[in-house]
1. What residue, of Ser70, Ser92, is hydroxyl-bearing (Ser, Thr, Tyr), touching a strand residue (DSSP E or B) at 6+ places or on another chain (Cβ under 8 Å), within 16 Å of ligand 3 (Cβ to nearest atom) and in a helix (DSSP H, G or I)?
2. Scan the range 19-29 for residues that are touching a residue at least 60 places away in the same chain (Cβ under 8 Å) and not acidic (Asp, Glu) and jot them down.
3. Looking at Arg153, Arg116, Arg82, can you tell me which residue is among the charged types (D, E, K, R), surrounded by fewer than 21 Cβ atoms within 10 Å (Cβ to Cβ) and under 30 Å from Met195 (Cβ atoms)?
4. Scan the range 30-50 and report the pairs whose first residue is part of a strand (DSSP E or B) and among the aromatic types (Phe, Trp, Tyr) and whose second residue is modelled with pLDDT of 95 or more and more than 15 Å from ligand 1 (Cβ to nearest atom), with Cβ atoms within less than 7 Å and a gap of 6+ or a chain change.
5. Among the numbered criteria (1) within 24 Å of Val211 (Cβ to Cβ); (2) in a loop (DSSP other than H, G, I, E, B); (3) without any contact (Cβ under 8 Å) to a residue 40 or more places away in the chain; (4) among the β-branched types (Val, Ile, Thr), which single criterion is violated by Val103?
6. Look through the range 156-173, keep the residues that are in contact (Cβ under 8 Å) with a residue 40 or more places away in the chain and part of a loop (DSSP other than H, G, I, E, B), and return whichever of them is surrounded by the fewest Cβ atoms within 10 Å (Cβ to Cβ).
7. So Cys230 fits all but one of (1) under 30 Å from Leu73 (Cβ atoms); (2) part of a helix (DSSP H, G or I); (3) more than 16 Å from ligand 3 (Cβ to nearest atom); what number is the exception?
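The values are calculated or read from the model by the stated rules, or taken from the named source; none is laboratory data. Everything numeric here is computed off the predicted structure, so don't read it as measured data. Positions of Cβ are backbone-derived with ideal geometry, glycine not excepted, and every protein chain shown enters the neighbour counts.
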Amino acid sequence: QLLARDLAKAVTDCEFGIFLQPQLDLTRTCISGFEALLRWHHPIRGILPPAEFLMAAEKNGCLADIDYMSMNLALDALATLRREGFSDLSMSINVSSSILADVNYPGLLDWAMQSRGIPPDRICIEILETTILDQDGLDVMTAVDRLKRLGVRVALDDFGTGYAGLAHMSAFDIDAIKLDRSMIARLEEDPRNRMIVRSIIRLCRLLDVAVVAEGVETGGQLDILRRSQCPMIQGYGLARPMPVSEAIAWMHEMR
Ligand code: G
Ligand code: G
Ligand code: MN
Ligand code: NA
């Protein structure tokens, strides 16, 4: 309730920032891009992750506003990285059903990319399975369609946690899946889970869908993913989400 009251003010005062977490391309052995993860710089409570305020934002009706803020921050960060010479990087942006339901969203995203000189294919929009289930499906389908027509990429987030991941893969023309970190966490000790992950990766290769394994923390997990020909990884084992300035410094160190 306290948060809900603070939120409205936080949106007008723009008390939000993003952290960036890198993604490693295992086939080309390079950093392919970053995922933008929203943070609320609360004046008293400090840096808050989305889990602490997204629900309140939804109830408040300001979730779409927050997603727009996140979109702009993510595009600004990518524009900065491109100016620093990292012109091949991509940026993944998380969205809620609120912004997807806004008919103005694709147009505003298009303008936001154009005004920063960002090619649309450098942007990946991450959509949760639950977001697709939330709506009656059709609205989201239209939104995804319009995003695809802009030329941006679309990823199905937290793949493997929902009930209809495969159904969504055939119904939506998605470009990538993010393998949920719960599946990655069980890779080493659970052979059946390992088999499932391998099969998903193989299936995605056949469908020309990219795979990003999330939450990769250990060398053992990385080995298994490499052997399974997983194209991309993300996780604490590579780097934790970090402020934009740190991410830029991190990229310079990697070069
Ligand atoms: O680091 P982490 O706690 O940031 O992220 C938790 C979850 O919050 C992620 O799974 C992600 O889907 C969601 N999230 C992160 N940033 C945003 C954002 O800008 N908008 C929305 N809608 N969700 C986000
Ligand atoms: O979009 P999404 O739900 O997938 O956001 C990713 C979330 O997972 C963020 O909250 C991020 O901080 C977190 N995360 C990223 N890498 C790791 C990891 O290696 N281990 C764990 N436990 N969490 C991670
Ligand atoms: Mn995500
Ligand atoms: Na994710």
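1. Every option except Ser70 fails the conditions.
2. Those that are touching a residue at least 60 places away in the same chain (Cβ under 8 Å) and not acidic (Asp, Glu): Phe19, Leu20, Gln21, Pro22, Gln23, Leu24, Leu26, Thr27.
3. Arg153
4. Close Cβ pairs satisfying both conditions: Phe34/Leu89.
5. (1)
6. Result: Phe172.
7. (2)
Yes/no per residue for (1) modelled with pLDDT of 95 or more; (2) within 15 Å of the chain's Cα centre (by Cα); (3) β-branched (Val, Ile, Thr):
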residue	(1), (2), (3)
Asp67	yes, yes, no
Gly85	yes, no, no
Ser92	yes, yes, no
Ser97	no, yes, no
Pro106	yes, no, no
